[in-house]
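The values are calculated or read from the model by the stated rules, or taken from the named source; none is laboratory data. Quantities reported herein were computed from a predicted structural model and do not represent experimental measurements. As a convention, Cβ positions derive from the backbone with ideal geometry for all residues, glycine included, and neighbour counts pool all protein chains shown. Ligands, DNA and RNA are stripped out before the accessible areas are found, and what is left, the full protein with its side chains, is counted by its heavy atoms. Shrake-Rupley method; radii C 1.70, N 1.55, O 1.52, S 1.80 Å.
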Amino acid sequence: MSIRVPRGYSWRMEGRMPERVFRTEGLTKVYDTGGVQVHALAGVDLELFAGELAVLLGPSGSGKSTLLNILGGLDHASDGRVWFRDLELTGLGDRGLTRFRRDHVGFVFQFYNLVASLSARENVQLVTDVSRDPMRPEEALEQVGLAHRMDHFPAEMSGGEQQRVAIARAIAKRPEVLLCDEPTGALDSKTGVQVLDVLREVNERLGTSTVVITHNAAIRKMAHRVVYFQDGRIKRVEVNETRLAPAEISW
Amino acid sequence: MDALDRKLLRDFRRLWAQALVIALVLACGVAILLTTFGMYGALEETRATYYERNRFADIFADARRAPASLLPVIRGIDGVRSAEARVVEAAILDIPGRTATATGRIVSLPRGGAPELNLPVLVAGRLPDPEAADEIAVNAPFAAANGFRPGDRLSANLNGRKRALTITGTLLSPEFIYTIGPGALVPDSAGFGILWMPERAVAAAFDMEGAFNNVTLKLDPSATQADVIDRLDVLLEPYGGFGAQGRDLQQSHAFVDAEMQQLRSTAMVLPPIFFAITAFLVNMVIGRIIALERSEIGLLKAIGYFDAEICIHYLLLAVLIAAVGTGLGWAVGTWLSRALAGLYAEFFDFPFLIYRASFAAYAISGLLAVASAALGALHSALKAARMPPAVAMTPPAPPRYRSSLFDRALAAMRVSQPVLMIFRGLLRWPLRSALSALGMALAVAVLVAAGFFTDALDTIVDKAFYQSNRQDAVLSFTEEVPEAALEAVANLPGVLRVEGQLFHVAVLRNGPHEKRVPLEGRYPGADLSRVVDEAGRRVDAPPGGILLARRLARQLDVRPGEMIEVAFLSGRRETQRLRVSGTIRQYFGLGAYMDAGFLNALNRQAPRISAANVTLDSAALPDFHGALKDIPALSGITMMDDVRGSFQETIRKNVTIMTTIYITIAVLITVGVAYNGARIQLSERARELASLRILGFTRGEVSFVLMGESMLLALIAQPFGWMIGAGIAALMTSGFTSDLYAIPLVLEPAAFARASLIVLVAALVSSLIVRRRLDRLDLVAVMKSRE
């Protein structure tokens, strides 16, 4: 198993200025639904650092998914600016954003979003087919503990297993950032903990910067930093002095 | 293999039923295009090569008797590259072992041996010795039909002298690719033959020493055909010229041309319908798949797949469908081409034929198939590619239903909720509903048009054979004979009744319009060969005027009561001005009729006849034929029973093939539209229908909603199908009308009913098949799954 040394400094390298992965400035997103303007994001200034595991916490509709979509290059901002390292995402067109997603970002979604007609291995292969320096799909699946389920189709797997395939798919390209939108939202507590454990493993072993958004407050305990969201704004940011292992968390 | 390609193949496998149905519709288009376009190309190429190699003439002219010294003058006409003079005559043949008489056309071979123009191809044996008096070569189909081999003999009545002739060889000629005997409507290889005979022998037999009665011309490429024809007509005028004609009026050429035209119009009309329906069906299916795979598309985008890759992914799905359709179409088309080639081999006599569709036909039909499927998918695929990833990740907004005037009307009618759902479903996708109905309407139209053709042919047969021509046989005389000859005919064994008929050839002119036609002199009260009007009443040509077939009157742009110029090419060859006494509707030929007494008076001659119509005692037929073979002045005999029989047999065979093909086409279209429509509805409404089941609706009630929409569309399609079908029938009527024949617009209610029945049953079966899926629906799973 080859684990690549992450680019930049690790969040855990104390005494040094941690490297910023994402930076936003006055980020605003306005949805126009039938003449009513909804401010999903109302001026967000945020920094995310290399190697950190950040939890974005907030109730539904607080704008955290919108933020994640914009960070991941899935959506355009209405106003404000976003940088990924030195690359200004807000200045990119659709093609540039696709390139960015392809090269740098791994996504994990609440509903796994596996392609039903492809096996676990093939779902991962979807990513490795188009990446520059991917792991082998088998390796990615081993990392999430699914080496024995590689040739199963989504319909033949439990929710937790499906989400782990989704994580394997996200990390297979060796992304610099892993963006997870309610990764445990569709899972029971026990399975959810297993999934979080995989995310922690990936974050620690591969040094992938990881952003987890959730409305489940219990999850905040595993983060390096917790960003509280409300009404499209950051309410406050907390640094966890002591983190809990997912196994110690329950809800 | 890339994971995305694997997804493509698995999606395709999952969709097999829908894909197959679409592929079948597409295959139909490909097969028809391949066959028609391919065979058109094969025929055109074969004919062109044949004409070129064997120097098929450009202009043909007949005269009574022109001196050989005229030939150099004809050759001197500006633009004429070569000219060849021949003697062409008719003869009654006595074929060993055949009871019925056969007729033959004698064509002279030049003294040098092989002709310069219309060079025959030697199939077997050798050409007759130019010096021999009793040697002939015959056309190969005639030899084959009668079992002749070189060395065999037959006897012919040449200008009243019975002669035994030896067949030295069998030939094929570009002049006789399609051979049809006088008075016949379809080829009869056994009963009509071409006999090539050395010029010396023909001249001696027919008293044509130093003369010719037929000339064929080959022109320089730069020559103007019309000018040469005019010059030739002037030159032949003093020698009883019957008017020169270009290839377009040469019988064999015209028939092959008509077949090619029909192939071409079929290639132009039918395949586009199939390609359009395919595009529509692919559009419907891919559109639905993309709606279902919305979140997967979002995912692919999130992973970093480019818009173009996603667009191509869905286009490829359409291309796979097209590939299956093309493969099937090629297979069926190849088989059809072979079948058609077999049919051509029966009617057309080519020494060689490229009996297969060309590579280009395969390539073009395949390309068009792929293009039409891709075009159908393009809209949806582009939509998928353009969908912003963040939007693709979210579930789609529920379809927007709005209350309309129509809803209020339905509410006022107090229809049940399921009926309401059916109507709202139709109006929710108005374009899709309209196109589905249009698709099924086209299926109905195809059947109406096919049914019309059958009914029209029945009408023609009834009118031409049972109302107009009721004689058993027509005896044609070499020259006009005095009316008294009818008595001799009446005395032939087995003859029950006899009536005379007089034929002239004339050019009818009205201002700039002119037409060369056979002019029929009718004796009043003639009852065996009649001119019948639309209502089935006998019409006599009144003395002092001329009666014209309606198509002829239209071509000449004359109306009853107006005067036209009639330039006789036979008899005294005088030009008269005559009043058009009336027009009459006819299906075969361009008829012009005059009272025989008046015609004789115009020609200042005693009553004469050129043909005798007879009814026969069938028991005495062998004696009758036996006697005919020895009558000197006969040039031909047409047995009307044979004509009727072979025409009807040909028609019946064609109609059976055609009906089978068109029913297949209509069923495929209907199944394609109805099955896919119902599948997509089921997919869109699975949740709704499952909810109804959970609420306590029975399976029957739920399937009513599903099938109701399909069947309602099928019903709506019917009147439109009838109208489109009637329109196509009208187009076919005018499109198929030529100098040879016209097709009446006969629209029987039964044809409409049959068309509707077939389409409705096909639609019903299609939605019943989908209903079975509905019955097997896992209610819980459907309710749980995320749209």
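Over chain A, Cα pairs under 8 Å with separation of 6+ residues give a relative contact order of 26 percent. Spatially, the stretch B:1-50 and the stretch B:617-693 are offset by 26 Å when compared through their Cα centroids.
Structural size metrics of chain B, computed from C-alpha coordinates, are Rg and Dmax of 33.5, 102 Å. Per-residue 3J(HN,Hα) values for the stretch B:566-574, derived from phi via the Karplus relation 6.51 cos²θ - 1.76 cosθ + 1.60 with θ = phi - 60°, read 10, 9, 6, 9, 10, x, 7, 6, 9 Hz in sequence order (x marks Gly and Pro).
Relative contact order of the stretch B:495-616: what whole-number percent is it, with Cα pairs under 8 angstrom and at least 6 residues apart? Show your work: numbers first, answer last.
Values: 270 pairs, mean separation 47.1, N = 122.
The value is 39 percent.
For A:Thr128, neighbours were defined as the other residues whose beta-carbon sits under 12 Å from its Cβ, and their charges (Lys and Arg +1, Asp and Glu -1) total +1.
In the P(r) worked out for the stretch A:20-244, what percent of Cα pairs fall beyond 29 Å?
On the way: 6125 of 25200 pairs.
For the stretch A:20-244, the share of Cα pairs beyond 29 Å comes to 24 percent.
Residues with beta-carbon under 15 Å from that of B:Ser436, excluding B:Ser436: net charge, scoring Lys, Arg +1 and Asp, Glu -1? If you can, show how the numbers build up before the last one.
Numbers: positive: B:Arg288, B:Arg428, B:Arg432, B:Arg679; negative: B:Glu684, B:Glu709.
Charge balance near B:Ser436 sits at +2.
A 1.4 Å probe, protein heavy atoms only, puts the accessible area of A:Val211 near 10 Å². With Cα atoms as the point set, the protein assembly as shown shows a radius of gyration and Dmax of 42.2, 136 Å. Note on B:304-317: average number of Cβ atoms from other chains within 10 Å of each residue's Cβ is 3.
Using the structure shown, list the pairs from A:Lys190/A:Lys235; A:Lys29/A:Lys235; A:Lys173/B:Lys383; A:Lys173/B:Lys301; A:Lys64/A:Lys235; A:Lys29/A:Lys221 with a Cα-Cα distance above 19 Å, or answer none.
Numbers: A:Lys190/A:Lys235 30 Å; A:Lys29/A:Lys235 17 Å; A:Lys173/B:Lys383 28 Å; A:Lys173/B:Lys301 15 Å; A:Lys64/A:Lys235 12 Å; A:Lys29/A:Lys221 29 Å.
The answer is A:Lys190/A:Lys235; A:Lys173/B:Lys383; A:Lys29/A:Lys221.
To the nearest whole number, what is the average tally of beta carbon atoms from other chains within 10 Å of the beta carbons of peptide A:111-122?
Working: counts 5, 2, 8, 3, 11, 7, 11, 6, 3, 0, 1, 7.
If you average over the peptide's residues, the count of other-chain Cβ atoms is 5.
When all alpha-carbon pairs of the stretch B:48-149 are counted, what percent fall beyond 20 Å? Cα-Cα pairs of the stretch B:48-149 separated by over 20 Å account for 51 percent. The helix-based estimate of mean residue ellipticity at 222 nm for the protein assembly as shown, built from -39,500 (n - 2.57) per DSSP H run of four or more residues and divided by its residue count, is -15500 deg cm²/dmol to the nearest 500.
Report the GluC sites (Glu not before Pro) located in the stretch B:498-604 that are in a DSSP loop and have at most 16 other Cβ atoms inside 10 Å of their Cβ, or state none. Please report the intermediate quantities before stating the final value.
Working: sites: B:Glu499, B:Glu514, B:Glu520, B:Glu534, B:Glu562, B:Glu565, B:Glu574; in loops: B:Glu534, B:Glu562, B:Glu574.
Filter output for the stretch B:498-604: B:Glu534, B:Glu562, B:Glu574.
Inter-chain Cβ neighbour count for A:67-74, averaged per residue, equals 3 (cutoff 10 Å, partner chain atoms only). Exposed loop sites, defined as chymotrypsin sites (Phe, Trp or Tyr not before Pro) outside DSSP H, G, I, E and B with at most 12 other Cβ atoms within 10 Å, are absent from the longest region of chain B, namely B:402-787.
Put B:Arg771, A:Arg136, B:Arg699 in order of accessible area, highest first, and with a 1.4 Å probe you get A:Arg136, B:Arg699, B:Arg771. Could you tell me the distance between the Cα centroids of the stretch A:229-249 and the stretch B:80-155, to the nearest Å? Going from one Cα centre to the other spans 107 Å.
When you count the other C-beta atoms within 10 angstrom of each residue and take the mean per peptide, B:428-440, B:61-73 line up highest first as B:428-440, B:61-73. In order along the stretch A:192-202, the Karplus-derived 3J(HN,Hα) couplings, from 6.51 cos²θ - 1.76 cosθ + 1.60 at θ = phi - 60°, round to x, 4, 4, 5, 4, 4, 4, 5, 4, 3, 4 Hz, and Gly and Pro are given as x.
One Cα centroid belongs to the stretch B:537-608, the other to the stretch B:221-278; the line between them spans 26 Å.
Based on alpha-carbon atoms, the Kirkwood radius and the radius of gyration of the stretch B:495-616 give Rg/Rh equal to 0.95.
How much net charge surrounds B:Ile106 when only the other residues with a Cβ under 12 Å from the Cβ of B:Ile106 are counted, with Lys and Arg +1 and Asp and Glu -1? Spell out each step's value before the answer.
Details: positive: B:Arg86, B:Arg105, B:Arg163; negative: B:Glu89, B:Glu199.
Residues close to B:Ile106 contribute a combined charge of +1.
Return the inverse of the average 1/r over all pairs of distinct C-alpha atoms in the stretch B:65-251, which is the Kirkwood hydrodynamic radius, in Å to one decimal.
With all distinct Cα pairs of the stretch B:65-251 included, I get 17.1 Å.
The mean sequence distance of close C-alpha pairs (under 8 Å, at least 6 residues apart), as a share of the length of chain B, puts its relative contact order at 17 percent. Take every Cα-Cα pair in the stretch A:44-133 and report what % of them are more than 15 Å apart. The answer is 67 percent, as a whole percent.
The aspartates and glutamates within cross-link reach of B:Lys162, meaning a Cα-to-Cα straight distance under 16 Å and a gap of 8 or more places when in the same chain, are B:Glu89, B:Asp94, B:Asp134, B:Glu135, B:Asp207, B:Asp630. Ranked from largest to smallest solvent-accessible area, with a 1.4 Å probe on the protein heavy atoms, A:Ser65, A:Ser209 come out as A:Ser65, A:Ser209.
Let me check something: with ligands and nucleic acids excluded, how do A:His76, B:His379 order by accessible area (1.4 Å probe), largest to smallest? Present the calculation step by step, with values, prior to reporting the outcome.
Details: A:His76 85, B:His379 120 Å².
I get B:His379, A:His76, largest accessible area first.
Heavy-atom accessible area for B:Asp641, with the other protein chains in place and a 1.4 Å probe, reaches approximately 100 Å².
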